[in-house]
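The structure appears right after this line, and notes come after that.
The values are calculated or read from the model by the stated rules, or taken from the named source; none is laboratory data. Every value quoted in this text rests on a predicted model; they were computed, and no experiment measured them. Cβ placement follows ideal geometry from the backbone for every residue including glycine, while neighbour counts extend to all protein chains displayed.
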Amino acid sequence: MNNMQAADSRKIDFFENTPISKALIKLALPTALGQIVLVIYNIADTFYIGLTNSNINTTGVTICMPVFMILTSIANLFGIGAASTISRALGKLSYQRAKDTCAFSFWFCLFSSLLYCLVVFICLDPIVDFIGGKDPSVHVLAREYIIITVILAGAFTSLGSFSSHIIRTEGKAVVASIGVIGAGILNILLDPLFMFGILPPGREVYGAAVATALSNIIGFLFFCLYFIKNRKKSQVLSVKLRPECFKNKIPHFVFDAGIPAAIMTLCENVSYAVLDNLMAYAGTAALAGIGVAKKINMLAHSTVRGISQGALPLLGYNYSAGKRKDTNKTIRITVSFSVSIALICFALSFIFARNLIHLFIRESSEGVNYGSRFLIILGIGAPFSACAYTFISFFQAVGHGKLSLLLALLRKGIVDIPLMIILNMIIPVYGIVFATPLADIICCVAALLCFVSFAAKHLKHNKARKFYNTETGKLEIIDKNQAR
């Protein structure tokens with residue numbers, strides 16, 4: 001109990017004493033804003049590429065999204081896995097366990113990122129063909145973009161995203177978002193500089209790749225400086241890999257919560273790659289249209305994902321501390337907020353679909369027609385996706401990895417990929433896109449049923465707080481006031 005006795009109230013003051021609605025706003029809004037900026041800078045690449053009036057250029061960049069986003073999958077595996085484990089450790093006042101979790105996750109995130117970059121380097125050409133780069137002109141541009149953004153700068157990108165998850169577990173959502181938002185804004189500023197200023201005409205895709213890589217490297221360096229400055233006084237931040245990092249089920253809990261997050265992101269990208277691969281047979285205009293529609297639709301999806309990720313430390317802390325009623329209240333507020341935002345985004349996409357697509361596709365009216373219709377179809381699933389994602393994040397936060405894994409697979413992979421193939425036979429081209437909202441609806445219903453069942457058993461009454469004793473490796477009931 002020694003480390004408990006040394007604890008002071010400031011270490012857990014934010015999670016312990018801040019009203020739920022206020023804590024949720026402080027955690028979720030900066031995180032959501034960071035996710036919005038990530039999408040905006042991703043869209044900015046497409047916007048600037050669209051200024052070249054070339055569907056080849058637009059397609060070359062947009063099809064790379066699945067390969068690039070697997071870096072996010074790796075970051076989510078260790079970032080969300082660590083955030084869940086750390087927040088529950090803080091709820092039990094186990095500060096050394098939180099540090100050991102951080103150190104374990106950091107080094108394994110780095111190793112996994114480097115391994116992924118090596119695999120992409122070895123299998124580059126088959127990967128580009130699979131994601132929709134069968135056209136020789138598109139293949140060359142996509143290959144160039146992936147070399148710079150993934151193979152050369154991928155580890156920095158993954159570790160930057162990982163760091164933002166870790167910093168939020170301290171209640172420092174604003175700091176975490178500054179790094180993410182700063183990198184995004186820098187990318188937006190560097191894009192035109194490299195694409196239309198420094199590099200000669202015809203090298204716009206190369207310029208966009210360089211701008212993205214540099215901004216992500218600088219974003220990671222910002223987090224490095226924060227780690228160095230705050231590691232001594234922090235109850236979470238550590239990169240010291242001790243033997244204890246592999247004990248007391250730390251790896252188990254990190255992977256239990258992180259694997260569903262990683263698989264969900266991974267399956268999203270596999271799903272998008274399959275979609276692009278099927279859409280490639282419809283021609284470059286359709287492929288450009290779906291590429292732009294996906295990026296615009298990601299604005300709604302990433303916003304609600306940011307809200308859920310921001311709420312995760314609060315959910316994990318309250319649940320671990322035995323505050324079941326507060327946990328229930330937090331999830332209700334998060335769902336309401338997320339679904340409302342998704343409905344607003346869908347309404348805007350429905351009303352301004354053609355105008356939004358035309359911002360990025362200027363050369364081909366056929367591409368604009370495809371893109372506007374695809375955007376409306378994808379938007380149908382937004383509120384259902386928002387609801388489902390919130391419940392998936394909840395199960396990650398409270399350490400029920402099997403449920404979150406099942407829902408993650410149900411949302412992307414098990415349902416939507418077979419539906420793409422089947423619906424494409426019934427409604428050519430458009431059936432491929434209709435598979436996404438249908439899968440979101442099915443997953444939402446399943447997630448709601450799982451949560452209602454879980455809440456009836458586990459969220460009715462508060463529980464005694466328990467402390468994870470690192471010496472015995474067991475949970476012990478403690479008196480909260482004495483511990484603080």
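Against the test of being buried (at least 24 other Cβ atoms within 10 Å of the Cβ) and farther than 18 Å from Ser161 by Cβ, the options Thr59, Thr31, Thr85, Thr52 yield a single qualifying residue, Thr59.
Test Ile417 against the stated conditions and say whether it is part of a helix (DSSP H, G or I), over 30 Å from Ile49 (Cα atoms) and either of a type in the set (S, T, N, Q) or in contact (Cβ under 8 Å) with a residue 60 or more places away in the chain (or both). Steps first, answer last, please.
On the way: part of a helix (DSSP H, G or I): yes; over 30 Å from Ile49 (Cα atoms): no; either of a type in the set (S, T, N, Q) or in contact (Cβ under 8 Å) with a residue 60 or more places away in the chain (or both): yes.
Considered against the rule, which asks whether it is part of a helix (DSSP H, G or I), over 30 Å from Ile49 (Cα atoms) and either of a type in the set (S, T, N, Q) or in contact (Cβ under 8 Å) with a residue 60 or more places away in the chain (or both), Ile417 comes out as no.
Within the stretch 217-236, residues that are β-branched (Val, Ile, Thr) sit with their Cβ atoms under 7 Å from residues that are modelled with pLDDT under 90 and outside any helix (DSSP H, G or I), at 6+ positions apart or across chains, in these pairs: Val236/Thr169; Val236/Glu170.
Do the conditions hold for Phe384, that is, is it touching an Asp or Glu at 6+ places or on another chain (Cβ under 6 Å), buried (at least 19 other Cβ atoms within 10 Å of the Cβ) and farther than 19 Å from Leu29 by Cα?
Details: touching an Asp or Glu at 6+ places or on another chain (Cβ under 6 Å): yes; buried (at least 19 other Cβ atoms within 10 Å of the Cβ): yes; farther than 19 Å from Leu29 by Cα: yes.
So Phe384 passes the test.
Residues that are surrounded by fewer than 18 Cβ atoms within 10 Å (Cβ to Cβ) and touching a helix residue (DSSP H, G or I) at 6+ places or on another chain (Cβ under 9 Å) within the stretch 193-205 comprise Leu193, Phe196, Gly197, Ile198, Leu199, Arg203, listed in sequence order. Out of the stretch 95-145, which residues are among the polar types (S, T, N, Q) and modelled with pLDDT under 90? Passing the criteria: Gln96, Ser137. Going by the structure shown, is Phe255 under 22 Å from Lys92 (Cβ atoms) and either of a type in the set (Lys, Arg) or surrounded by fewer than 20 Cβ atoms within 10 Å (Cβ to Cβ) (or both)? For Phe255, the condition - under 22 Å from Lys92 (Cβ atoms) and either of a type in the set (Lys, Arg) or surrounded by fewer than 20 Cβ atoms within 10 Å (Cβ to Cβ) (or both) - is met.
Given the condition hydroxyl-bearing (Ser, Thr, Tyr), part of a helix (DSSP H, G or I), under 22 Å from the mean Cα position of the chain (by Cα) and surrounded by fewer than 24 Cβ atoms within 10 Å (Cβ to Cβ), answer yes or no: does some residue in the stretch 292-302 qualify? Checked the stretch 292-302: at least one residue is hydroxyl-bearing (Ser, Thr, Tyr), part of a helix (DSSP H, G or I), under 22 Å from the mean Cα position of the chain (by Cα) and surrounded by fewer than 24 Cβ atoms within 10 Å (Cβ to Cβ).
For the stretch 290-300, what are the residues that are farther than 16 Å from Gly367 by Cα and at pLDDT 80 or above? Show your work before the answer.
Taking the stretch 290-300 and keeping what is farther than 16 Å from Gly367 by Cα, we get 297-300.
Listed by number, the residues that qualify are Asn297, Met298.
Considering Ile49, Ile74, Ile70, Ile56, the condition of being part of a helix (DSSP H, G or I), more than 25 Å from the chain's Cα centre (by Cα), closer than 23 Å to Phe130 by Cβ and modelled with pLDDT of 75 or more is satisfied by Ile56 alone. Scanning the stretch 311-333 for residues that are in a helix (DSSP H, G or I), crowded, with 22+ Cβ neighbours inside 10 Å and not hydroxyl-bearing (Ser, Thr, Tyr) yields a count of 8.
In the set (1) under 29 Å from Thr101 (Cβ atoms); (2) crowded, with 16+ Cβ neighbours inside 10 Å; (3) touching a residue at least 40 places away in the same chain (Cβ under 8 Å); (4) not hydrophobic (A, V, I, L, M, F, W, C), the condition left unmet by Tyr145 is number (1). Of the residues Ser308, Ser338, the single one that is buried (at least 22 other Cβ atoms within 10 Å of the Cβ), without any contact (Cβ under 8 Å) to a residue 60 or more places away in the chain and either in a helix (DSSP H, G or I) or out of contact with any helix residue (DSSP H, G or I) (no Cβ under 7 Å at 6 or more places or on another chain) (or both) is Ser338.
Let's see how each residue does on (1) among the aliphatic types (A, V, I, L, M); (2) buried (at least 24 other Cβ atoms within 10 Å of the Cβ); (3) at positive phi:
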position	(1), (2), (3)
Ala183	yes, yes, no
Ile218	yes, no, no
Tyr226	no, no, no
Lys232	no, no, no
Pro260	no, yes, no
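Scanning the stretch 276-290 for residues that are closer than 18 Å to Lys412 by Cβ and either of a type in the set (Asp, Glu) or buried (at least 24 other Cβ atoms within 10 Å of the Cβ) (or both) returns Asp276, Met279, Ile290.
Residues that are among the small types (Gly, Ala, Ser), within 20 Å of Ala300 (Cβ to Cβ) and in a helix (DSSP H, G or I) within the stretch 369-407 comprise Gly371, Ser372, Gly379, Ala382, Ser385, Ala386, Ala388, Ser393, listed in sequence order. Return the residues of the stretch 341-359 that are among the β-branched types (Val, Ile, Thr) and exposed (fewer than 15 other Cβ atoms within 10 Å of the Cβ); say none if nothing qualifies. Listed by number, the residues that qualify are Ile344, Ile351.
Here Ser320 meets the list (1) under 29 Å from Leu343 (Cα atoms); (2) in contact with a strand residue (DSSP E or B) (Cβ under 9 Å, 6 or more places away or on another chain) almost entirely, failing just condition (1).
Of these, Ile166, Ile146, which one is touching a Leu at 6+ places or on another chain (Cβ under 8 Å), within 26 Å of Ile290 (Cα to Cα) and assigned to a helix (DSSP H, G or I)? Just one listed residue meets the conditions, Ile146.
Cβ separations smaller than 8 Å between residues 6+ apart or across chains give the following pairs from the stretch 427-449 residues that are in a helix (DSSP H, G or I) to residues that are of a type in the set (Asp, Glu) and crowded, with 24+ Cβ neighbours inside 10 Å: Ala435/Asp416; Thr436/Asp416; Leu438/Asp416; Ala439/Asp416. Each residue in the stretch 91-116 was checked for being over 19 Å from the mean Cα position of the chain (by Cα), hydrophobic (A, V, I, L, M, F, W, C) and under 17 Å from Cys245 (Cβ atoms), and 5 pass.
Quick one: which residue in Leu114, Leu93, Leu152 is of a type outside the set (Val, Ile, Thr) and at positive phi? Break it down stepwise before answering.
On the way: Leu114 fails: at positive phi; Leu152 fails: at positive phi.
Only one candidate passes the filter, namely Leu93.
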